[in-house]
Amino acid sequence: MSLEPDGGVRPKFGVVVSLLELEDGSSRIIIDDVRSSEPQRKTSWAFDCFVTHKRLDSKALDAMALPRDDYQGLGEMVIARLLALNGRVAP
């Protein structure tokens, strides 16, 4: 994949994906919607809405050895949220 120059423009809404290590040895991937009042590269994103979370085995996660379905599902969720936030999905 080749990278194109970044013009610095950003949308008003985005998605944050974070990783939380839990006390029981599992990890949680958390997906939140965020928003920005300034659509530019240097912006501050503010929490807008909790979307979902998924608990995963930390050892498998650290080894990048999750089942393909887990990687695919997380990727699909991120793309679906971005499309929805930008009004690009049919009702």
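Bear in mind these aren't lab numbers, they're just calculated from the coordinates by the rules spelled out. The shown structure was predicted, so the numbers you read here are calculated from the model rather than taken from an experiment. Here Cβ is always computed from backbone atoms with ideal geometry, including for glycine, and neighbour counts include all displayed protein chains.
Beta carbons closer than 8 Å, at least 6 apart along the sequence or on distinct chains, pair a first residue in segment 1-26 that is surrounded by fewer than 10 Cβ atoms within 10 Å (Cβ to Cβ) with a second that is among the hydroxyl-bearing types (Ser, Thr, Tyr) for Gly25/Ser58.
Of all residues being aliphatic (A, V, I, L, M) and surrounded by 12 or more Cβ atoms within 10 Å (Cβ to Cβ) in segment 54-76, which is nearest to Arg28 (Cα to Cα)? Just the residue, please. Lay out the reasoning, then the answer.
Residues of segment 54-76 aliphatic (A, V, I, L, M): 56, 60-61, 63-66, 74.
Restricting the remaining residues to those that are surrounded by 12 or more Cβ atoms within 10 Å (Cβ to Cβ) gives 56, 60-61, 66, 74.
Details: Leu56: 6, Ala60: 13, Leu61: 10, Leu66: 13, Leu74: 12 Å.
Residue satisfying both the conditions and the ranking: Leu56.
Take the conditions closer than 19 Å to Ile79 by Cβ, in contact with a Phe, Trp or Tyr (Cβ under 6 Å, 6 or more places away or on another chain) and surrounded by 16 or more Cβ atoms within 10 Å (Cβ to Cβ) and apply them to Asp32. Does it pass? Spelling it out, Asp32 is indeed closer than 19 Å to Ile79 by Cβ, in contact with a Phe, Trp or Tyr (Cβ under 6 Å, 6 or more places away or on another chain) and surrounded by 16 or more Cβ atoms within 10 Å (Cβ to Cβ).
Answer yes if at least one residue in segment 68-85 is more than 17 Å from the chain's Cα centre (by Cα) and assigned to a loop (DSSP other than H, G, I, E, B), and no otherwise. Checked against the condition, which is being more than 17 Å from the chain's Cα centre (by Cα) and assigned to a loop (DSSP other than H, G, I, E, B), segment 68-85 yields no hits at all.
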